[in-house]
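Only one structure is covered here, and it is reproduced in the block below.
No lab work stands behind these numbers, since they all come straight from the coordinates. Just so we're clear, the structure is a prediction, and the values are computed from it rather than from any experiment. Here the Cβ positions follow ideal geometry from the backbone for every residue, glycine too, while neighbour counts run over all protein chains shown.
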Amino acid sequence: MTPFSDLGDGDELVDVAVELSRLRQVLLTPSSPDGAARLLESGFVPVCGALHVVASDTTLSTHRSRRRQLRDQTTTIDRLGLVVSVLSGRRVAASRELFDSIYYGLVVPGVYARGITPHGVQHEATFRRLVERGLVVTASDAGGAVRCASLYDVRDGRLVTGAGLPEDRRALAVGLVEACDPALSRCRRAWRHRAVQELTRRAFEVVSIGAEDCMIDPGYVPVILDKLAWYRSVAWEQSRRPRFVSLGVSRHPDRFPIVVSVLSGRPRLAGRWDEHPARPLGERLRSLVPLDVIGEAHA
């Protein structure tokens, strides 16, 4: 796949974006409605700010095997008598002992064991910045050792839309990083659900287990499908100034052939959604929320 060109922000680059889109995929954030209209006329589509899998007791899958797996993991955690707390990220960052116990005791071993580095958290300074502006849910044992921890970002819930969401949603908690003691690595799903329950009790109307980029790399489709296998609800986060991406490159295949787009406040699927592996995800999304447009968006 050829790389796409992110031209950044500004209407002054609209003409450049249109010409360049004949050769490769282009991404641009226009600064005015006129700029957005010109991109739409040239085959660009606006991209949703993020796709969220919404987690709660009510959206949890009813699948017997998954319920049994979650129940068994929860029993293991309950036997330890862990105390769950929701802490200000600033408080965690200010305590060297607490920060180090979470970062070096849980996050770093998990990152290198699983080979996954969400948000660049393999760098301590990056993780600290994320912590300082968010919330941390922890589970500590009787000796005060932190055995599980999850980091959440707090966003404006009014920018999120989706089926079955509360009308008065002021805050959205978005999962960024979760880590467990290696001895509890098989209980990650139970810990995730326990953290979600704790945030829900703290008056968060919407809890997301992660903000997915709506320009979906086909290789990431199985990850989203797995999340939707556990929680049967999705929401769409609007951008105050949406990005626009070109589809239908004439000489080269698109790098991101499937896009969750938004037009007039309603989501749609744009691109090659009827091709494998996008088709199963498209079908799952359509079963959960009404979508305006399904199908090809090629020039």
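Taking amide H atoms as placed 1.01 Å from N in the peptide plane, list the residues 5 or more away in sequence, or in a different chain, whose amide H sits under 5 Å from that of Gly164. For Gly164, whose amide H was placed from the backbone, there are no distant partners under 5 Å.
Computed over the chain, the P(r) tail beyond 27 angstrom holds 47 percent of alpha carbon pairs. Of all DSSP-defined beta bridges confined to segment 1-146, some 70% are antiparallel rather than parallel.
When the chain is fully extended, how far beyond the present Cα-Cα distance does Asp274 get from Asp9, taking 0.36 nm per residue of separation? Please report the intermediate quantities before stating the final value.
Details: separation 265, 0.36 × 265 = 95.40 nm, distance 3.13 nm.
Gain in length upon complete extension: 92.3 nm.
Computed from backbone phi, the HN-Hα couplings of segment 12-26 come to 5, 9, 4, 4, 4, 4, 5, 5, 5, 5, 6, 10, 8, 6, 10 Hz, rounded to whole numbers (Karplus: 6.51 cos²θ - 1.76 cosθ + 1.60, θ = phi - 60°; Gly and Pro given as x). For the chain, averaging the sequence separation of C-alpha pairs within contact (under 8 Å, six or more residues apart) and dividing by the residue count gives a relative contact order of 28 percent.
Between segment 89-156 and segment 25-72, how far is it from one alpha carbon centroid to the other, in angstrom? Taking the Cα centre of segment 25-72 as reference, the centre of segment 89-156 is 26 Å away. Plainly put, segment 104-165 has a radius of gyration that is 1.07 times its Kirkwood radius, both from alpha-carbon atoms, as the Rg/Rh ratio. Considering only Ala270, Thr58, Val174, and ranking their Cα positions along the charge dipole of the chain that arises from unit charges at the beta-carbon of Lys, Arg, Asp and Glu, the one farthest toward the positive end is Thr58.
Residues of segment 192-232 with an amide N closer than 18 Å to a point placed 7 Å from the Cα of Thr62 along the Cα-to-Cβ direction: 228-232.
The simple spin-label model puts a point 7 Å past each Cα toward its Cβ; for Arg189 and Val154 those points are separated by 3.1 nm.
Close amide H partners of Ile209, meaning residues 5 or more places away or on another chain with modelled amide H under 5 Å apart, are Val53, Ala55, Gly175. A Förster radius of 22 Å combined with the Cβ-Cβ distance from Val83 to Glu132 puts the calculated FRET efficiency at roughly 0.40. The angle separating the long axis of helix 64-79 from the principal Cα axis of greatest extent in the chain is about 40 degrees.
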